[in-house]
Amino acid sequence: MRHMTRFLSVLAAAVLAVLPLATLAQDGPLRIEITEGVIEPLPFAVPNFVAENTAAADMSQQLTRVVAQDLMGTGLFREIPPDAHIARITSFSSPVQYADWKAINAQALITGAVSVGAGGALTVKFRLYDVFSGQEMGSGLQFNGTTSGWRRMAHKVADAVYSRITGEGPYFDSRVVYVAETGPKDNRRKRLAIMDYDGANVQYLTDSSSIVLAPRFSPTGDRVLYTSYETGFPRIYVLDVASVGRRVLETGSGSMSFAPRFSPNGQTIVYSLTDGGNTDIYSMDITSGRSTRLTSAPSIETAPSFSPDGSRIVFESDRSGSQQLYIMPATGGEATRISFGQGRYGTPVWSPRGDLIAFTKQSKGRFHIGVMRTDGGEERLLTASFLDEGPTWSPNGRVIMFTRETQGAQGASSLYSVDISGRNLKQVRTEGAASDPSWSPLQN
Amino acid sequence: MKHLTRAALIVSALALAACSQNERFGENGMMGQNNGAQAGIQPGTANDPASPLYFQSSVGDRVLFAVDQSTLSDEARMVLNGQAQWLGTNTDYNAVIEGHADEQGTREYNLALGARRANAVREYLITQGVAAGRLQTVTFGKERPIEICSDEACYSKNRRAVTVLKSGLSG
């Protein structure tokens with residue numbers, strides 16, 4: 001695992017040096033390069049958003065906190081606490097006193113205003129300032145919504161700030177569908193649940209009367225594929241998130257099917273079907289229900305995942321004698337092996353940016369989440385534990401969430417996330433034990 | 001002390017197995033064990049050679065596998081010979097063969113591995129004369145361990161295929 005470090009300290013020093021030359025200030029914009037890793041988080045200040053009417057007083061404070069938590073949760077930013085602030089922001093439109101924010105070493109300043117109107121209408125405005133160059137970064141934005149969706153509005157503000165400073169796509173305004181677990185190891189109860197990416201707003205989608213496994217979002221986040229034992233046998237279901245209605249997919253002759261995933265256009269699914277003890281990969285047109293066999297080997301072929309352009313599928317197979325990763329055309333055909341390191345490789349997932357494949361690796365009794373290029377090069381292991389498995393990508397392809405299970409009779413699963421740089425490993429807050437996360441695309 | 005512990009383990013394992021079965025198949029379940037008992041076989045008589053309890057405890061309802069393998073050991077074949085014989089005599093029963101894996105593997109792979117194991121048992125029972133139509137398979141991967149420690153002592157018992165009887169009368 002490589003921890004490369006290049007940081008703003010270089011840029012910041014340059015900015016400081018050229019401060020008297022206002023025209024050059026733009027040569028050193030506020031910027032974090034995530035791919036290069038970060039040695040020190042960027043200090044920012046986010047004074048409580050101005051409540052533009054009394055109805056907005058509480059919500060403006062809560063909303064400001066969520067913005068701060070989103071940014072700090074990335075590990076790339078550090079908040080300068082409000083009690084250290086010198087300046088007070090009492091009006092969204094007043095000019096910013098840069099000297100007061102420089103004095104506390106805030107490199108970024110986020111100001112905002114919140115108003116609550118009739119019928120729970122919520123308006124949130126924000127501006128982002130590059131304190132040391134003394135100018136606004138991008139223009140102010142306004143979001144309109146309702147008070148019930150206030151957390152999403154906070155995520156949208158934080159997403160805009162994150163994107164402007166890192167140059168990366170946003171990801172805070174997203175959800176995660178996962179398996180909520182209760183009960184002891186030999187009588188685990190599992191049900192599908194959905195939550196915001198940060199663990200808020202949990203909603204249960206199924207009861208725990210049947211085992212449910214490995215939910216996967218559709219590319220628009222409106223549907224979820226998953227495996228359930230409702231019939232006593234593993235079968236694939238598709239669930240509509242809004243109505244929570246579900247239907248079984250008729251996957252053909254075998255009685256067992258699992259490991260489903262949508263194609264990028266949402267029209268096709270790929271999955272595994274077991275027939276006569278042999279597991280192969282199939283695809284199905286979700287409208288017509290017509291299925292096509294993509295692999296035909298006596299070995300185990302499972303865990304298929306599409307490339308973002310829909311042209312290829314990465315999957316795992318033990319045709320070489322142990323679990324390894326392969327890529328084949330989306331229509332089937334010759335597969336190319338891409339994993340060659342020591343150990344076993346499974347559950348490959350193509351990055352939404354197309355550049356990397358995340359996987360689970362088993363080696364010397366330990367489990368790892370790792371990434372490699374699509375040609376198998378530059379393998380990097382990001383985690384190590386008794387049992388890590390099942391990576392899922394954030395919408396911007398910069399963070400990976402996965403299942404970590406602890407060892408022993410009291411062992412339990414929880415969700416973790418880690419940057420693709422290997423930094424910022426942390427547990428994701430859930431109401432109880434949790435496994436098999438699937439990260440949604442960015443919400444509209 | 002040792003004996004006590006072992007006895008306690010066996011009792012609790014049986015209790016657990018019973019538990020998970022009831023729960024798995026529920027009240028309207030496909031499993032005929034309880035229904036079968038009510039339909040004529042005296043309940044609680046493991047000595048009755050025609051009872052599912054006898055099948056579980058005396059014939060042996062499960063076989064174990066080596067790590068990442070689905071080949072049947074000589075010991076497993078012995079057990080399955082007994083199962084085939086029992087099924088040949090007790091034609092009121094069909095069976096669902098459940099394949100399981102230990103926790104040392106990824107979820108999807110273990111599902112496929114459990115299916116391989118269940119199928120190995122099914123194929124063998126067929127060669128021993130059980131009609132193919134009486135035998136279904138299902139995989140539970142690593143979802144239903146019977147032993148919960150994270151050591152080989154438990155893993156070796158979890159890498160199993162269990163022949164679960166169901167009343168042929170209903171299906």
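The values are calculated or read from the model by the stated rules, or taken from the named source; none is laboratory data. Only a predicted model underlies this, so the values are computations on that prediction, with no experimental measurement involved. When we count neighbours, we look across all protein chains shown, and the Cβ atoms used for this are built from the backbone with ideal geometry, even at glycine. Areas reflect the complete protein model, heavy atoms only, side chains present, ligands, DNA and RNA absent. Shrake-Rupley method; radii C 1.70, N 1.55, O 1.52, S 1.80 Å.
The table below gives the values:
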read-out	value
Criterion (aliphatic (A, V, I, L, M), buried (at least 19 other Cβ atoms within 10 Å of the Cβ) and not assigned by TED's automatic domain parsing to the domain that holds A:ALA242) met by exactly one of A:VAL179, A:VAL161	A:VAL161
Scan of region A:328-351 for residues that are open to solvent by 60 Å² or more (accessible area, probe 1.4 Å) and in contact (Cβ under 8 Å) with a residue 12 or more places away in the chain, ordered by number	A:THR331, A:ARG337, A:PHE340, A:GLN342
Total residues in region B:52-82, condition hydroxyl-bearing (Ser, Thr, Tyr) and within 19 Å of B:GLY99 (Cβ to Cβ)	3
Among (1) surrounded by fewer than 24 Cβ atoms within 10 Å (Cβ to Cβ); (2) not in a helix (DSSP H, G or I); (3) not β-branched (Val, Ile, Thr), the one test that B:ALA95 misses	(1)
Qualifying positions in region B:139-171 - over 13 Å from B:ALA76 (Cα atoms), hydroxyl-bearing (Ser, Thr, Tyr) and surrounded by 23 or more Cβ atoms within 10 Å (Cβ to Cβ)	B:THR139
Flag if B:ALA112 is surrounded by 22 or more Cβ atoms within 10 Å (Cβ to Cβ), within 13 Å of chain A (Cβ to nearest Cβ) and within 17 Å of the chain's Cα centre (by Cα)	no
Members of region A:244-272 found to be among the aromatic types (Phe, Trp, Tyr) and open to solvent by less than 10 Å² (accessible area, probe 1.4 Å), listed by number	A:PHE258, A:TYR271
Among residues of region A:384-398, those that are within 16 Å of the chain's Cα centre (by Cα) and either among the β-branched types (Val, Ile, Thr) or not in a loop (DSSP other than H, G, I, E, B) (or both), counted	5
Which listed residue, of A:ARG423, A:ARG404, is in the same structural domain as A:PHE258 (by TED's automatic domain parsing), at negative phi, open to solvent by 40 Å² or more (accessible area, probe 1.4 Å) and not small (Gly, Ala, Ser)	A:ARG423
Pick from region A:204-243, criterion surrounded by fewer than 18 Cβ atoms within 10 Å (Cβ to Cβ) and closer than 25 Å to A:TRP393 by Cβ, ranking: farthest from the other protein chains (Cβ to nearest Cβ)	A:ALA242
Search result, residues across region A:170-226 that are under 18 Å from the mean Cα position of the chain (by Cα) and of a type in the set (D, E, K, R)	A:ASP173, A:ARG175, A:ASP196, A:ASP198, A:ARG216, A:ASP222, A:ARG223
Some residue of region A:434-441 being away from chain B (no Cβ under 14 Å) and assigned to a loop (DSSP other than H, G, I, E, B)	yes
Criterion: touching a Ser or Thr at 6+ places or on another chain (Cβ under 9 Å), of a type in the set (Lys, Arg) and either assigned to a strand (DSSP E or B) or open to solvent by 20 Å² or more (accessible area, probe 1.4 Å) (or both) - qualifying residue of A:ARG151, A:ARG127	A:ARG127
Region A:362-383: number of residues that are within 10 Å of chain B (Cβ to nearest Cβ), free of Cβ contacts under 8 Å to residues at least 24 places away in the same chain and either within 20 Å of the chain's Cα centre (by Cα) or not in a loop (DSSP other than H, G, I, E, B) (or both)	1
Subset of region A:44-72 [of a type in the set (Val, Ile, Thr) and open to solvent by less than 10 Å² (accessible area, probe 1.4 Å)]	A:VAL46, A:THR64, A:VAL66, A:VAL67
Members of region A:171-224 found to be hydroxyl-bearing (Ser, Thr, Tyr), in contact with a Pro (Cβ under 8 Å, 6 or more places away or on another chain) and not in a strand (DSSP E or B), listed by number	A:TYR171, A:SER174, A:THR220
Some residue of region B:123-138 being surrounded by fewer than 23 Cβ atoms within 10 Å (Cβ to Cβ), at the interface with another protein chain (Cβ under 9 Å from one of its Cβ atoms), within 16 Å of the chain's Cα centre (by Cα) and within 17 Å of B:ARG77 (Cβ to Cβ)	yes
Selection from region A:306-327 of residues that are acidic (Asp, Glu) and buried (at least 17 other Cβ atoms within 10 Å of the Cβ)	A:GLU316, A:ASP318
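Conditions (1) of a type in the set (A, V, I, L, M); (2) open to solvent by less than 50 Å² (accessible area, probe 1.4 Å); (3) modelled with pLDDT of 95 or more, marked per residue:
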position	(1), (2), (3)
B:ALA17	yes, yes, no
B:GLU23	no, no, no
B:GLN33	no, yes, no
B:PRO43	no, no, no
B:ALA50	yes, yes, no
B:ASP68	no, yes, yes
B:ALA76	yes, yes, yes
